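One structure is given below, encoded as structure tokens.
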Amino acid sequence: MPDPDRDPRAAASDRPPDELVLAAVERAGRHQAHDAAAVPVWAILDHLGVPRRSGAARHVSSRLGVLHAAGWLERSRRHGVPTWALTSSGVGRLRRARRAGGVPPLPESPQHRAWRNARTAAGQELERFRANLRERLEQAARLLDAEQPPHSDTWLELAEELQRACRRVASASHCLYEWAEPDDERADVDERVEPADAQLDEHERARRRARRAGRRNLRLWDDAPRI
């Protein structure tokens, strides 16, 4: 059996120690949206805060094989992609290392970083989004008061702009005021459910859940209309 102890080169700051790699595998598995704990190498690197194309990434990839040979990691495949998960021996090894104070803290988790970035962006952009929506509403009021009724295409175009403006305000408001800070003990998944939904009938609950899709997706804040 290969020596499962830490690679001597792991003392370098860009070479995460084996205990930290095991901790990253554990947290990455815990943060998956589905129940399977096995995770691909890119997820492990994300939890370690390691760039995917770097010497540290190559080091981690090589140590995964060593930890697997030591019996601490289980290797499998999902959709043709190699995945890794802690074995019972790996869980025990990580627990003992923690009790001995031998596991350095992991960097900020990807899901917490996503929450923090979304909250920061929403704080910076919400007033601009509100101003844009107000401008569209004033435009609609002017069209309603126009002596010469506008062409129907004008209304259809404005309808698209209004929908986009309203959704951006809703998304930024959700990210800033409603998205609770993630707990690293569990996956942070937007189930698109709110406490008040319990008072609604099934049809209305389904409609609201559908409308909430993408409310945490900052890429939908793009000013350009979507074709």
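Nothing in this text is a laboratory measurement; each read-out follows from the coordinates by a stated rule. Owing to the predicted nature of the structure, the values given are computational and were not obtained by experimental measurement. FYI the Cβ positions are ideal-geometry reconstructions off the backbone, even for glycines, and counts take in every protein chain you see.
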Can I get the semi-axes of segment 59-110's equivalent ellipsoid? Compute them from the C-alpha gyration tensor as square roots of 5 times the eigenvalues, in angstrom, largest first. 21, 15, 11
Charges at C-beta only: +1 for Lys and Arg, -1 for Asp and Glu. How large is the resulting dipole of segment 40-135 about its Cα centre, in Debye rounded to 20? 340 debye
Order of Trp221, Trp84, Trp155 under a 10 Å beta carbon neighbour criterion, fewest first: Trp155, Trp221, Trp84
Identify which of Arg164, Arg207, Arg215 has the largest mean-square fluctuation in a Gaussian network model of the chain, with springs joining Cα atoms closer than 10 Å. Arg207
Give me the Kirkwood hydrodynamic radius of segment 27-149 in Å, from all C-alpha pairs, to one decimal place? 18.3 Å
Enter the angle in degrees (range 0 to 90, nearest 10) between the Cα long axis of helix 202-211 and the first principal axis of the Cα atoms of the chain, meaning the one along which they spread out most. 80 degrees
Amide H proximity to Val39 below 5 Å, modelled H, separation 5+ or other chain, gives Trp84, Ala85
With a 10 Å cut-off between alpha carbons and a GNM built on the chain, which of Arg142, Arg27, Arg98 moves the most? Arg142
Counting pairwise Cα distances across segment 96-193, what percent come out greater than 22 angstrom? 53 percent
Between helix 18-30 and the chain: long-axis angle, C-alpha atoms, 0 to 90°, nearest 10: 40 degrees
Taking only the alpha-carbon positions of the chain and ignoring solvent, what does the Debye formula give for the base-10 log of I(q)/I(0) at q = 0.11, 0.16, 0.17, 0.18 Å⁻¹? -0.73, -1.10, -1.17, -1.25
For q = 0.10, 0.12 Å⁻¹, Debye-computed log10 I/I(0) when each Cα of segment 8-99 counts as one equal scatterer: -0.22, -0.32
Among His174, His151, His47, the residue with the largest mean-square fluctuation in a Gaussian network model of the chain built from Cα contacts under 10 Å is His151
Cα Rg, Dmax (largest Cα-Cα span) when computed across segment 78-146, Å: 25.2, 76
Given the DSSP H assignment, sum -39500 (n - 2.57) over each helix run of at least 4 residues in the chain and divide by its residue total; what's the result at 222 nm in deg cm²/dmol, nearest 500? -17000 deg cm²/dmol
